[in-house]
Amino acid sequence: VRLVESGGGLVQPGGSLRLSCAASGITFSTYAMSWYRQAPGQEHELVATITSVGTNYADSVKGRFNISRDNARNTVYLQMDSLKPENTAVYYCSARDYITKYMYWGQGTQVTVSS
């Protein structure tokens, strides 16, 4: 199983980034897909989740971030708009099996919001 994130980088406050996570080795449509993040010295934080029935977001990103998935491409996306310096973190993709609840993780992609 592989989850490969891409799209991170350096962006100015107010800017946008689109993260992608390509999955292989799983039946993608049977997994809930999430984005987590971890800032230096802080715990992992759930940012957004997408399942077959809908999406959920952390309060801090509602209205600015959008999670979507393309089951044909085995890919989940995180569109991040109006970025703030406090959004700086390593962003991780995860896949959770609907039935077993087992989770897989990607290696993470760094997002830095700074002027």
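The values are calculated or read from the model by the stated rules, or taken from the named source; none is laboratory data. All values derive from a computational prediction rather than experimental measurement. As a convention, Cβ positions derive from the backbone with ideal geometry for all residues, glycine included, and neighbour counts pool all protein chains shown. Side chains are part of the model used for accessible areas, which takes the heavy atoms of the whole protein and leaves out ligands, DNA and RNA. Shrake-Rupley method; radii C 1.70, N 1.55, O 1.52, S 1.80 Å.
Some observations on this one:
- Counting only strands (runs of 3 or more DSSP E) wholly contained in region 53-115, the ones carrying 1 or more residues that are free of Cβ contacts under 8 Å to residues at least 40 places away in the same chain occupy 55-57, 65-70, 103-105.
- Total residues in region 22-57, condition β-branched (Val, Ile, Thr), surrounded by fewer than 19 Cβ atoms within 10 Å (Cβ to Cβ) and within 20 Å of Arg2 (Cβ to Cβ): 3
- Restricting region 1-21 to residues that are out of contact with any Gly (no Cβ under 7 Å at 6 or more places or on another chain) and aliphatic (A, V, I, L, M), the residue that is least open to solvent (accessible area, probe 1.4 Å): Val11
- Positions within region 83-104 being within 23 Å of Lys62 (Cα to Cα) and open to solvent by 60 Å² or more (accessible area, probe 1.4 Å), in sequence order: Lys84, Pro85, Glu86, Arg96
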